[in-house]
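The values are calculated or read from the model by the stated rules, or taken from the named source; none is laboratory data. The structure displayed is predicted, hence computed values, not measured ones. Positions of Cβ are backbone-derived with ideal geometry, glycine not excepted, and every protein chain shown enters the neighbour counts. The protein model used for the area step is the full one, side chains on, heavy atoms only, and it has no ligands, DNA or RNA in it. Shrake-Rupley method; radii C 1.70, N 1.55, O 1.52, S 1.80 Å.
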Amino acid sequence: MLSNHFQNGIETARLVWSQIPRSEEEELAEVGRSGNGGAESLDYEVIENYAYREEQAQRGKLYVWYYVMLKWFFSLLIGIGTGLSAVFINLAVENFSGWKYAATFSIIQHSYFAGYLVYIIFNLGLVFSSVFIVTQFAPAAAGSGIPEIKGYLNGVDTPGILLFRTLIGKIFGSIGSVGGGLALGKEGPLVHTGACIASLVGQGGSTKYHLNPRWLQVFESDRDRRDLVTCGCAAGVAAAFRAPVGGVLFALEEVTSWWRSHLMWRVFFTSAVVAVVVRSAMGWCKSGKCGHFGSGGFIIWDISGGQEDYSFQEMLPMAIIGVIGGLLGALFNQLTLYMAHWRRNYLHKKGNRVKILDACILSLVTSLISFGLPLLRKCSPCPDSEANPDIECPRPPGTYGNFVNFYCSNDKQYNDLATIFFNTQDDAIRNLFSAKTFHEYSAKSLITFLVMFYSLAVVTFGSAVPAGQFVPGIMIGSTYGRLVGMFVVKFYRKLNVEEGTYALLGAASFLGGSMRMTVSLCVIMVEITNNLQLLPLIMLVLLISKAVGDVFNEALYDEQARLRAIPLLESRPKQYMRNMTARDACKNQQVVYFSRVAKVADIVSVLRNNKHNGFPVVDHGRNQEPLVMGLILRSHLLVLLQSKIDFQNNAFPCDLRSIANRHHLSDFVKPVSSKGLSIEKIHLGHDELEMYLDLTPFLNPSPYVVPEDMSLAKVYNLFRHLGLRHIFVVPRPSRVVGLITRKDLLLEENQDSATVELQSTSVRIGSRINLALSLELFADIFRQRKDGSKS
């Protein structure tokens, strides 16, 4: 009977394995792979066509209030959703880890080999579930997702990154990869999770899964969705680190390219909501209703009871920590770039089976190292309980605290390497940051862990599982930071030095050297350690590590974005752009344009032969000189061709009033999944191809225009700061219609523009009259003085 069940299990596993797609093309046919060449620019510019202006004219003050309040309500939903997702992920990870370590520790009391097998099976099962979810259900959920979200907020939409299935894959995949003990974290995936929730809320839910209530479908532009995704990114960081202010600064410093004060308020509100949700969940779990979930899981490593002051003599070793962090961080970026490039371009192109095998092999190697290396270390005696009454030694693995008893012959001994390795990452970092624990770790154990975990973090990077780099970076940095702290304690014996303080500075230096963040990272480290006194020291090591790392390469997320072919626009233009003009940038381009009234066959031909997403519309004036009418988007043309209701039999312009009720602004909204209409899916008959289409009501009559001799650096700044997708380059204009100054932009809502013009004109006339009277008065005085002198 048992053999039959075992045979059925083997057959089921074999059937599942045979159904896994063997080629990358099968996966791409289902959903666009993250970071592929299918990235598309977003339309952050407002298309002020006829439909937009008509709808704006019909909206009153009540709708404006409703629109603003709905934005705040959506920010509330994003905060609640991201907070609950973080709670669920942390509960699952902590409970799976707790069960794993509890079962392993109970079994190794009888047999270490049997305990090792149980440990491997736990980790392998969790990692397999993660990679299986990613490869079969949500390919875009692999990796941290931060480079793709950074690209989205920079104006580039990578297919599949904000889908509902990506959200599900990110949540459950993170549970498997982090709970399986791989050298990665859940913080990056939580940022991606928050962005997915924000995008789904912004588009009104998921159409494919019939989760799209009508009252949510209000925000119909990429600009509004961008603001919500920004709130989601900040919420993800706030949920991952319990650092609401750090989340706001992370969104401002790292991922966004466009910012304003109103967005700041909503982002801050969203992060505050996340903090409340997470705090409420932790309070509920303290009653023991969350299983193995304890004070771990939600990151906060309180070292407020540690070192309270520092001396000038400690500046040198702290500066050395910054230099080490910059060097190791830059090396980490370069090695992970090579590893991700090899996986992306060679290993993963062999199909999903290879991706699954890759992740499973990583799980086996990680389990072997984390279980086997502590067996090679000798145990150390526990600290004196009378001198250290607050320290409980030993403690079993998987529980909150230091001093893990692992393969020790005496009950009053602990294994310092197992305290780091045979533990969750959150608890291991808490142990490294701990104060009042002098000589808990030997230098050999810390060096061994640093070399092995650094190597594992590099090798694991780029595998087909959801993975973050924050917590592995903190683990690496805190290890060499604690090493430096041990030497400082040894050489500066008279100082009140804590090894845990140097571990914190090491963690900050490695993150600064790898991710190159300063302000947001500084605030995050202060919030998660609850020690404001160390703020100047954290600022010091961050500045040094960032300066050292910038000498060698770029930030981690920028390198990965380039590897994924995400065309990010950096904050500043390149130096050579100052010596180029707009004409130089587009001199090799052949402009493809439409006439004001275009033939349907010509439109179809242009769309099939060109991949452009915007086309100029040109008409001719009275003297047959070309006149630019505006810009028509490819997506709008596809909607018009699909509906066919605007086709006409003649080539004359139509009456704008006749199309007032034909289209709604929502008809032209692009789906957030980047799977809009394509010209291949539109079928037109011969008679329909011979008809005409007037493009005037649907084009943007006021696109951004620059003269051809404007410097390319100036065009770059304009393009990036306004979040544009197209800019027209035209010859030098022949005449000036008017000149706008600051006062022209300060027009009140209830003030008529003609009145303002009359006032400004009367001011100019009055000033001229006053000037004339003054000159005449001075002339009279001069004549009187002259006559008096003659007499």
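Each row is one residue, and each column tells you yes or no for (1) open to solvent by 30 Å² or more (accessible area, probe 1.4 Å); (2) within 18 Å of G181 (Cα to Cα).
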position	(1), (2)
I420	no, yes
I429	no, yes
A443	yes, no
V451	yes, yes
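For region 365-383, name all the residues that are farther than 12 Å from S445 by Cα and not in a helix (DSSP H, G or I).
Once the filter is applied, which keeps residues that are farther than 12 Å from S445 by Cα and not in a helix (DSSP H, G or I), region 365-383 yields P381, C382, P383.
Name the pairs whose Cβ atoms lie under 7 Å apart, with the first residue in region 45-69 and among the small types (G, A, S), the second open to solvent by less than 70 Å² (accessible area, probe 1.4 Å), and 6 or more positions between them or separate chains?
A51/H663; A51/L665
I'm trying to understand the selection: among the residues of region 634-656, which are out of contact with any helix residue (DSSP H, G or I) (no Cβ under 8 Å at 6 or more places or on another chain) and closer than 21 Å to K611 by Cα?
Q642, the sole residue that qualifies.
Just name the residue that is farthest from V131 (Cα to Cα) out of those in region 144-177 that are touching a strand residue (DSSP E or B) at 6+ places or on another chain (Cβ under 7 Å) and not basic (K, R).
Across region 144-177, the extreme among qualifying residues is G155.
Looking at the structure I just gave you, is S514 under 20 Å from the mean Cα position of the chain (by Cα), over 26 Å from L446 (Cα atoms) and in a helix (DSSP H, G or I)?
No, not satisfied.
When I566 is evaluated against the numbered criteria (1) touching a helix residue (DSSP H, G or I) at 6+ places or on another chain (Cβ under 7 Å); (2) in a helix (DSSP H, G or I); (3) among the hydrophobic types (A, V, I, L, M, F, W, C), which criterion, by number, is the only one it fails?
Evaluating I566 over (1) touching a helix residue (DSSP H, G or I) at 6+ places or on another chain (Cβ under 7 Å); (2) in a helix (DSSP H, G or I); (3) among the hydrophobic types (A, V, I, L, M, F, W, C) leaves (2) as the failure.
For region 604-647, give me the residue count where each residue is part of a loop (DSSP other than H, G, I, E, B), under 18 Å from P733 (Cβ atoms), open to solvent by 30 Å² or more (accessible area, probe 1.4 Å) and not acidic (D, E).
1
Out of (1) part of a loop (DSSP other than H, G, I, E, B); (2) open to solvent by 10 Å² or more (accessible area, probe 1.4 Å), the odd one out for L200 is which?
(1)
Show the residue pairs that are 6+ apart or on different chains and have beta-carbon atoms under 6 Å apart, the first residue being within region 603-619 and free of Cβ contacts under 8 Å to residues at least 24 places away in the same chain, the second being open to solvent by less than 30 Å² (accessible area, probe 1.4 Å).
From residues that are free of Cβ contacts under 8 Å to residues at least 24 places away in the same chain, the pairs are F615/F594; F615/I632.
Going by what's in this entry, would S257 be described as surrounded by fewer than 24 Cβ atoms within 10 Å (Cβ to Cβ) and either over 14 Å from the mean Cα position of the chain (by Cα) or among the aliphatic types (A, V, I, L, M) (or both)?
No, not satisfied.
Kindly provide the set of residues from region 313-343 that are among the aromatic types (F, W, Y) and buried (at least 16 other Cβ atoms within 10 Å of the Cβ), ordered by number.
Once the filter is applied, which keeps residues that are among the aromatic types (F, W, Y) and buried (at least 16 other Cβ atoms within 10 Å of the Cβ), region 313-343 yields only F332.
Quick check: is even one residue across region 344-364 modelled with pLDDT under 85, touching a helix residue (DSSP H, G or I) at 6+ places or on another chain (Cβ under 6 Å) and crowded, with 18+ Cβ neighbours inside 10 Å?
For region 344-364, residues modelled with pLDDT under 85, touching a helix residue (DSSP H, G or I) at 6+ places or on another chain (Cβ under 6 Å) and crowded, with 18+ Cβ neighbours inside 10 Å: absent.
Is it the case that region 110-119 has a residue that's surrounded by fewer than 22 Cβ atoms within 10 Å (Cβ to Cβ), aromatic (F, W, Y) and closer than 27 Å to C290 by Cβ?
Scanning region 110-119 turns up no residue that is surrounded by fewer than 22 Cβ atoms within 10 Å (Cβ to Cβ), aromatic (F, W, Y) and closer than 27 Å to C290 by Cβ.
Output the qualifying pairs, or none if there are none: Cβ atoms under 7 angstrom, residues six or more apart or on different chains, first residue in region 559-585 and touching a residue at least 12 places away in the same chain (Cβ under 8 Å) and at negative phi, second residue open to solvent by 70 Å² or more (accessible area, probe 1.4 Å) and not charged (D, E, K, R).
Note: pairs meeting the criteria are L563/H341.
For region 438-448, state whether one or more residues are among the small types (G, A, S), in contact (Cβ under 8 Å) with a residue 24 or more places away in the chain, assigned to a loop (DSSP other than H, G, I, E, B) and farther than 17 Å from I324 by Cα.
yes
So which residues in region 499-555 are β-branched (V, I, T) and open to solvent by 10 Å² or more (accessible area, probe 1.4 Å), if there are any at all?
Answer for region 499-555, where residues must be β-branched (V, I, T) and open to solvent by 10 Å² or more (accessible area, probe 1.4 Å): T518, V519, V523, V526, I544, V548, V551.
I need every pair where a residue in region 453-482 that is closer than 20 Å to K355 by Cβ has its Cβ under 6 Å from the Cβ of a residue that is assigned to a helix (DSSP H, G or I) and of a type in the set (K, R), sequence separation at least 6 or different chains.
The qualifying pairs are G462/R343; A464/K355; P466/K170.
Just the residues that are of a type outside the set (K, R) and touching a Lys or Arg at 6+ places or on another chain (Cβ under 8 Å), please, taken from region 544-555.
G549, D550, E554, A555
Tally up the residues in region 648-657 that are modelled with pLDDT under 85 and either part of a strand (DSSP E or B) or among the charged types (D, E, K, R) (or both), please.
2
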